[in-house]
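The values are calculated or read from the model by the stated rules, or taken from the named source; none is laboratory data. Source: prediction; values computed, not measured. FYI the Cβ positions are ideal-geometry reconstructions off the backbone, even for glycines, and counts take in every protein chain you see. Ligands, DNA and RNA are excluded from the accessible area calculation, which covers all protein heavy atoms including side chains. Shrake-Rupley method; radii C 1.70, N 1.55, O 1.52, S 1.80 Å.
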Amino acid sequence: MDARVLGFVLSEKCNFRCRHCFNESEARKPAGMGADELLEHVRDAAATGRFAEIGLSGGEPMLFARALVRVVALAHELGLGANVTTNGYWGVSARTAHATLGPLVDAGLTALTVSVSEFHLEFTTGARLRTAVAAALGLGLEVRVNVVRTRAFDVADAAALLGPLADRVDVVAMPCIPVGRGAVAVSRDDLPAAVSPVGSCHAYFTRVAVTAEGDVYPCCSPGGFTPPLLMGNVRVETIGTVLARADDSFLLQVLDQLGPTFFLPFVHEALGRDLLAEGVVDQCHLCHRLLTDAALTAVVDDALATLEADLRALQVDLVDLREVARR
């Protein structure tokens with residue numbers, strides 16, 4: 001795994017209750033990791049030498065602004081960048097937005113990510129989004145806007161909300177995946193049109209995620225928080241130990257190099273099912289389906305065993321196999 005960002009889900013506590021939320025965040029959720037614990041994990045992350053940045057998300061991390069300042073300051077001291085992902089609720093006025101972000105920027109915050117979707121807009125406004133983004137840009141931060149795509153809301157809609165600011169930020173589109181609250185609260189008719197889930201997970205595995213309970217997963221995707229992808233827990237062992245063990249995981253190697261589509265022929269042969277025809281939004285959704293459905297996960301396990309045996313017989317490893325396939 002080429003992990004470069006370590007993302008912490010500080011808490012599932014949030015002042016919004018978005019219908020699509022994969023970790024079902026809401027105001028009644030507990031506070032999650034405290035600042036002292038986070039500082040310990042950031043020190044461990046820096047000691048590995050593998051990370052360039054930490055990410056702080058939730059829930060809504062800005063509800064814990066004082067803790068954020070301490071964590072960002074330590075990351076800066078240790079030579080790590082820091083990015084906060086927020087719903088931008090604090091963009092009520094330019095003055096409030098600057099007062100909210102100022103201490104974080106002074107502590108060493110390097111980037112801000114603001115999430116927007118039709119679901120977020122049930123709790124906030126385009127004006128707040130613009131105010132939050134404008135304040136971040138004015139304070140010299142790199143700004144990314146994550147757009148959760150549905151049939152009713154897409155990148156063009158987010159750009160319209162941002163106005164002239166859209167040309168100054170990195171707009172990233174991600175499909176709404178029906179997991180967590182989204183599996184029951186979002187209509188299937190509102191999900192974006194399915195795309196062909198081709199490709200490896202290599203780019204996704206650059207962002208390792210740590211939940212509020214300390215569980216570690218190889219990516220930050222809503223589809224990636226599944227039992228087979230659980231790599232360890234930072235409350236039990238250091239992040240360095242977790243990553244060292246994960247480097248030997250054959251499942252992670254296959255996903256990193258080949259992606260979840262590798263398993264589709266095995267599923268079709270064993271179960272007679274065409275998962276793409278069943279309505280898979282993207283490869284993260286496919287991965288989630290494969291690793292949460294017991295019958296599908298059994299096929300994945302069998303396929304991994306077969307592939308590993310074949311590679312041993314050929315005396316090649318997975319990286320060699322990918323290079324052969326490219327030729």
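If we scan the range 106-120, do we find a residue that is within 18 Å of VAL172 (Cα to Cα), in a helix (DSSP H, G or I), open to solvent by less than 40 Å² (accessible area, probe 1.4 Å) and in the same structural domain as LEU139 (by the TED database)? Among the residues of the range 106-120, at least one is within 18 Å of VAL172 (Cα to Cα), in a helix (DSSP H, G or I), open to solvent by less than 40 Å² (accessible area, probe 1.4 Å) and in the same structural domain as LEU139 (by the TED database), which makes the answer yes. Summed over the range 159-182, residues that are in a helix (DSSP H, G or I) and open to solvent by less than 60 Å² (accessible area, probe 1.4 Å) total 7. Entry remark, the range 128-143: residues being open to solvent by 40 Å² or more (accessible area, probe 1.4 Å), of a type in the set (A, V, I, L, M, F, W, C) and assigned to a helix (DSSP H, G or I) number 1 in total.
Given the options ALA132, ALA73, ALA82, name the one that is within 29 Å of GLU37 (Cβ to Cβ), under 19 Å from the mean Cα position of the chain (by Cα) and of a type in the set (A, V, I, L, M).
ALA82 is the lone residue from the list that is within 29 Å of GLU37 (Cβ to Cβ), under 19 Å from the mean Cα position of the chain (by Cα) and of a type in the set (A, V, I, L, M).
Taken over the range 270-293, the criterion of being closer than 11 Å to PRO178 by Cβ, open to solvent by less than 10 Å² (accessible area, probe 1.4 Å) and part of a loop (DSSP other than H, G, I, E, B) is satisfied by VAL280, VAL281.
Go through the residues of the range 73-80 one by one and say whether even a single one is under 23 Å from VAL147 (Cβ atoms), open to solvent by less than 40 Å² (accessible area, probe 1.4 Å), touching a residue at least 24 places away in the same chain (Cβ under 8 Å) and not basic (Lys, Arg). Steps first, answer last, please.
Going residue by residue through the range 73-80, those that are under 23 Å from VAL147 (Cβ atoms) are none.
No, the conditions are met nowhere in the range 73-80.
Counting the residues of the range 1-15 that are outside any loop (DSSP other than H, G, I, E, B) and either farther than 21 Å from ASP36 by Cα or aromatic (Phe, Trp, Tyr) (or both) gives 1. If the condition is being surrounded by fewer than 15 Cβ atoms within 10 Å (Cβ to Cβ) and either in a helix (DSSP H, G or I) or modelled with pLDDT of 95 or more (or both), then the range 242-269 contributes ALA244, ARG245, PHE250, PRO265, HIS268, GLU269.
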